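First comes the structure, then the notes that go with it.
The values are calculated or read from the model by the stated rules, or taken from the named source; none is laboratory data. Since the model is a prediction, treat every value here as computed from it, not as a measurement. Positions of Cβ are generated from backbone atoms using ideal geometry, with glycine treated the same way; all protein chains shown enter the neighbour counts.
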Amino acid sequence: MLELIVKGGPVLWAIMLLSVLAVAIIVERYAYFRGIRIDEETLFLRVKSALSKRHFDEAMAICDSNPSPFSALLKTGIEHRERSSWERKEVLKDTAAQEVPRLEARIGALGTIAHIAPLLGLLGTVTGNIEAFGVLGRFGSVGDPSVLAKGISEALVTTAAGLIVAIPATIFYNALTSRVNSLIVRMENQVNEMTLLLENEGDKA
């Protein structure tokens, strides 16, 4: 195994580096999404209860103790409760837009890894085959066909490595992208909910 890695050359080492980066991105993103996962319904009810009593500082403290894109929207709405309904909605939209890059961070890099890993594998195979057939060209013939077959099989290692990296990277990229899109849709709905929740409070202030 170690011999194949060594003979895979720089291309195989590059693919192995990409695999490490892909794993790091996947672990970091899932840890991030797990960290912002909260019971949104419970949080909404707690904040709504505090707002009904006009305990605005308490409502913001509840948001601070439950960090997530949803709580960020709530806190922003509370901080701008004295503005008009239209102004609050625009501020909430801006806050939601600012949360999107945090949700999408490094996912694009994972998609890039999924696309270039098999291409690197193919490059390694092509260069390996060129080298293997170059030996045949220099000597005119090879007494033992297994020598040429061994060279070609070693060249194919990079293609296999590229696919091994690309397939799971693609799966996780699609899964993470789907989760981000779902969160964005929910935030768009939450902007409307926040506007309705804070409308009366803004009129009273």
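If residue 9 passes every condition in (1) without any contact (Cβ under 8 Å) to a residue 40 or more places away in the chain; (2) closer than 30 Å to residue 161 by Cα but one, which one does it miss?
It is condition (1) that residue 9 fails.
Kindly indicate whether any position in segment 105-116 is polar (S, T, N, Q) and buried (at least 20 other Cβ atoms within 10 Å of the Cβ).
No, there is no match, as no residue in segment 105-116 is polar (S, T, N, Q) and buried (at least 20 other Cβ atoms within 10 Å of the Cβ).
One residue is enough: does segment 128-143 have a residue meeting the conditions surrounded by 14 or more Cβ atoms within 10 Å (Cβ to Cβ), at pLDDT 85 or above, under 34 Å from the mean Cα position of the chain (by Cα) and at negative phi?
Looking through segment 128-143, none of the residues is surrounded by 14 or more Cβ atoms within 10 Å (Cβ to Cβ), at pLDDT 85 or above, under 34 Å from the mean Cα position of the chain (by Cα) and at negative phi.
Are there any helices (runs of 4 or more DSSP H) wholly within segment 1-54 with 2 or more residues that are over 27 Å from the mean Cα position of the chain (by Cα), at pLDDT 80 or above and not polar (S, T, N, Q), and if so which?
The helices (runs of 4 or more DSSP H) meeting that bar are 40-52.
Determine which single condition residue 86 fails, assuming it passes every other condition in (1) in contact (Cβ under 8 Å) with a residue 24 or more places away in the chain; (2) more than 28 Å from residue 175 (Cβ to Cβ); (3) aromatic (Phe, Trp, Tyr).
Checking residue 86 against (1) in contact (Cβ under 8 Å) with a residue 24 or more places away in the chain; (2) more than 28 Å from residue 175 (Cβ to Cβ); (3) aromatic (Phe, Trp, Tyr), the one that fails is (1).
Out of 155, 96, 109, which single residue is modelled with pLDDT under 85 and under 20 Å from the mean Cα position of the chain (by Cα)? Before the answer, list the steps.
On the way: 155 fails: under 20 Å from the mean Cα position of the chain (by Cα); 109 fails: modelled with pLDDT under 85.
So the residue among 155, 96, 109 that is modelled with pLDDT under 85 and under 20 Å from the mean Cα position of the chain (by Cα) is 96.
For residue 61, state whether it is of a type in the set (A, V, I, L, M, F, W, C) and either within 28 Å of the chain's Cα centre (by Cα) or surrounded by 17 or more Cβ atoms within 10 Å (Cβ to Cβ) (or both).
no
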